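Visitor: This structure is in structure tokens; I'll ask about it shortly.
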Amino acid sequence: MPRKVELYAKKIRNGTVIDHISSGYALDVLNILKITGKENHVLCIVMNVPSKKFSRKDMVKIEDWELKPKDADKIALISPYATINIIREYDVVDKKSVNLPKVIKGIVKCNNPSCISNSREPLEPMFHVRKNEPLIMQCHYCSRIMEKEDILERF
């Protein structure tokens, strides 16, 4: 008997597919990318689907939009095993895994209101990654520790 194959989302002609997003975090990925759905791109959001690599995963497809390199660092903060596929004419022309850098600059704000990076000083927020999974970062200026849930609130 032939095996039933389920297709959760159709192929896109041109755009970006963000796959292997940690289960339940697809909407957070769109939020950090500042994609609201009002930009006139066709979006496909698939959440909590079975995965061979992980038990469950999310996936986002964005037609006619290509991810910028700095945005991959943002995705790595909330989903360290995500993969980015750039699609042109239905073919994958570039595929890469996100890579969490050891130092994060200018992406997340410190959650310490007294931190100098939150003052009017011309300082770019900077964090040192102390642990990848679960994510733990430390502010370069005030040494405040931030975890994944803290970070989601600070974009």
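Visitor: What are the pairs with Cβ atoms under 9 angstrom where one residue, in the range 26-46, is within 14 Å of Trp65 (Cα to Cα) and the other, located anywhere, is surrounded by 15 or more Cβ atoms within 10 Å (Cβ to Cβ) and basic (Lys, Arg)? Sequence gap at least six, or different chains.
Guide: Here the result reads Leu33/Lys74; Val42/Lys61; Leu43/Lys61; Cys44/Lys61, each pair linking the range 26-46 to a residue that is surrounded by 15 or more Cβ atoms within 10 Å (Cβ to Cβ) and basic (Lys, Arg).
Visitor: State which residue is nearest to the chain's Cα centre (by Cα) when the search covers only the range 102-127 and only residues that are within 13 Å of Gln138 (Cα to Cα) and assigned to a loop (DSSP other than H, G, I, E, B).
Guide: Among them, the one singled out is Val108.
Visitor: Report yes if some residue within the range 58-67 is more than 17 Å from the chain's Cα centre (by Cα), surrounded by fewer than 15 Cβ atoms within 10 Å (Cβ to Cβ) and in contact (Cβ under 8 Å) with a residue 40 or more places away in the chain; otherwise report no.
Guide: yes
Visitor: Considering only residues of the range 140-155 that are in contact with a strand residue (DSSP E or B) (Cβ under 6 Å, 6 or more places away or on another chain) and crowded, with 17+ Cβ neighbours inside 10 Å, which is modelled with the lowest pLDDT?
Guide: Met146
The values are calculated or read from the model by the stated rules, or taken from the named source; none is laboratory data. A quick note: this is a predicted structure, and the numbers were derived from the prediction, not measured. Note: ideal-geometry Cβ built from the backbone for every residue, glycine included; neighbour counts use all protein chains shown.
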